[in-house]
């Protein structure tokens with residue numbers, strides 16, 4: 001009898017435990033989906049959408065992490081109420097969150113939610129923005145002309161200047177309070193032949209080349225406009241000097257060598273345009289600059305006199321003054337040629353230490369091997385603006401290629417050109433040597449772009465502008 005009572009009690013306790021146990025988690029049966037792309041992994045997909053692998057597996061029972069198939073549809077949890085297929089859109093130069101929402105027919109809040117955005121102003125160029133193909137806002141505004149409201153100008157004035165119905169314009173831009181238009185507010189007008197963007201007219205198109213931007217590399221910033229404008233700008237603290245491109249109407253280009261020692265970070269790219277009447281508009285967008293992953297050279301031993309700051313600093317300032325002017329003419333086209341047939345001995349950007357000191361300097365150019373009889377040739381057309389002896393750089397030549405682009409040739413045994421000479425690609429301008437701060441005969445080839453040193457080899461592989 002005791003055995004029977006004990007068994008009954010155990011069965012009753014087990015029944016109560018089963019009754020109180022929470023039901024197993026059910027897989028999410030609805031929500032946006034993602035189509036697996038080549039190279040995708042379950043971990044990468046989870047990371048892309050800011051969820052855990054466990055949550056992704058729970059929403060997709062039976063999914064095989066080791067056997068994902070291209071084209072396979074996965075439910076992405078955490079976005080209940082959103083329907084459609086998720087994708088990504090690299091944020092283009094000239095775009096912003098609001099312009100992208102209009103372009104895709106999505107609510108601003110939907111993009112914020114899909115991307116877990118805290119500060120929309122920090123969305124940066126080339127950032128992958130998660131999107132969905134099912135519009136949930138008003139109709140998509142695929143193309144349009146963006147207009148910045150001037151001080152004291154309301155929606156009625158903007159609409160009148162564009163011959164538009166103000167109520168239709170308010171609906172197109174999803175303005176909940178059309179009467180409170182702030183100065184600088186962007187209004188998209190119907191029409192145009194470019195995708196809807198945040199770049200205000202008369203700025204038409206913003207192009208950056210190449211991307212991503214990187215320490216010690218050159219970047220080209222081109223702006224097309226609908227009318228002649230005076231353009232100025234900055235990338236972070238570095239000024240941009242815009243040059244008129246005679247090969248394209250109403251197009252200007254700024255070339256900048258990004259400082260080799262710049263911290264990898266987001267830097268505001270700011271453009272200011274002024275028209276003939278003196279009216280100005282301004283546009284700004286963050287641009288990420290990534291690490292160049294440069295090498296570290298072996299410690300070097302050189303003549304101590306060439307390391308004396310009392311000598312090296314004034315000489316550097318002299319070189320900076322030589323490469324400071326911005327010649328409006330562009331003398332080159334296409335790729336630069338190599339200035340020597342010698343083997344590469346040292347590349348741009350590597351950290352350097354001299355005579356047992358710290359690694360507090362970097363190699364500012366490219367070194368080519370070869371004795372005093374090896375010729376140095378011009379890599380592109382230009383005008384000689386300096387030819388003479390320097391303490392650190394030895395016998396030196398500097399060529400102006402126009403648009404703020406200069407090349408320097410250090411440590412020559414002899415120079416074959418004079419200031420004012422016009423040189424052409426392949427023309428002999430001097431010979432290798434061992435003058436100045438050297439450990440042996442070679443050519444040091446240096447490039448300055450917009451007042452900053454940059455990797456010259458990039459110009460032999462990438463056409464600018």
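The values are calculated or read from the model by the stated rules, or taken from the named source; none is laboratory data. Note that this is a predicted model, so its numbers are computed, not measured. Neighbour counts are summed over all protein chains in view; Cβ atoms, including those assigned to glycine, are modelled from backbone coordinates with ideal geometry.
When you go through 325, 309 one by one, which is the residue that is more than 31 Å from the chain's Cα centre (by Cα) and over 30 Å from residue 124 (Cβ atoms)? Give the steps one after another, and end with the answer.
Values: 325 fails: more than 31 Å from the chain's Cα centre (by Cα).
The match here is 309.
Residue by residue through the stretch 209-237, note down the ones that are in contact (Cβ under 8 Å) with a residue 60 or more places away in the chain, within 11 Å of residue 289 (Cβ to Cβ) and buried (at least 19 other Cβ atoms within 10 Å of the Cβ).
Within the stretch 209-237, 213, 214, 215, 216, 217 meet the criteria.
Select from the stretch 191-206 the residues that are in contact with a helix residue (DSSP H, G or I) (Cβ under 9 Å, 6 or more places away or on another chain) and either in the same structural domain as residue 166 (by TED's automatic domain parsing) or buried (at least 19 other Cβ atoms within 10 Å of the Cβ) (or both) and list them in ascending order.
Initial filter on the stretch 191-206 (in contact with a helix residue (DSSP H, G or I) (Cβ under 9 Å, 6 or more places away or on another chain)): 195-199.
Within the stretch 191-206, 196, 197, 198, 199 qualify.
Just to be sure I understand, how many residues within the stretch 390-405 are in contact with a strand residue (DSSP E or B) (Cβ under 6 Å, 6 or more places away or on another chain) and either buried (at least 24 other Cβ atoms within 10 Å of the Cβ) or part of a loop (DSSP other than H, G, I, E, B) (or both)? So that I can check it myself, show each step before the final result.
Applying the first criterion (in contact with a strand residue (DSSP E or B) (Cβ under 6 Å, 6 or more places away or on another chain)) to the stretch 390-405 yields 390, 393-405.
Now drop any that are not either buried (at least 24 other Cβ atoms within 10 Å of the Cβ) or part of a loop (DSSP other than H, G, I, E, B) (or both), which leaves 393, 396-397, 399, 401, 403-405.
The qualifying residues number 8.
Give me a count of the residues in the stretch 92-125 that are within 18 Å of residue 176 (Cβ to Cβ), surrounded by 21 or more Cβ atoms within 10 Å (Cβ to Cβ) and touching a residue at least 60 places away in the same chain (Cβ under 8 Å).
Total satisfying the criteria: 2.
Which of the residues spanning the stretch 46-104 are under 30 Å from residue 224 (Cβ atoms) and not in a loop (DSSP other than H, G, I, E, B)?
Within the stretch 46-104, the first condition is being under 30 Å from residue 224 (Cβ atoms), and the residues that meet it are 87-104.
Of everything in the stretch 46-104, those that are under 30 Å from residue 224 (Cβ atoms) and not in a loop (DSSP other than H, G, I, E, B) turn out to be 87, 88, 89, 90, 97, 98, 99, 100, 101, 102, 103, 104.
Given the condition over 22 Å from residue 315 (Cα atoms) and surrounded by fewer than 23 Cβ atoms within 10 Å (Cβ to Cβ), answer yes or no: does some residue in the stretch 432-448 qualify? Working first, answer last.
As a first pass, look at the stretch 432-448 and keep what is over 22 Å from residue 315 (Cα atoms): none.
No, the stretch 432-448 contains no residue that is over 22 Å from residue 315 (Cα atoms) and surrounded by fewer than 23 Cβ atoms within 10 Å (Cβ to Cβ).
Would you pick out the residues in the stretch 250-278 that are free of Cβ contacts under 8 Å to residues at least 60 places away in the same chain, touching a strand residue (DSSP E or B) at 6+ places or on another chain (Cβ under 9 Å) and more than 22 Å from residue 122 (Cβ to Cβ)?
Keep residues of the stretch 250-278 that are free of Cβ contacts under 8 Å to residues at least 60 places away in the same chain, which gives 250-252, 262-265, 267-268, 270, 272, 274, 276-278.
In the following step, the residues that additionally are touching a strand residue (DSSP E or B) at 6+ places or on another chain (Cβ under 9 Å) were identified as 250-252, 262-265, 267-268, 270, 272, 274, 276.
Hits for the stretch 250-278 are 250, 251, 252, 274, 276.
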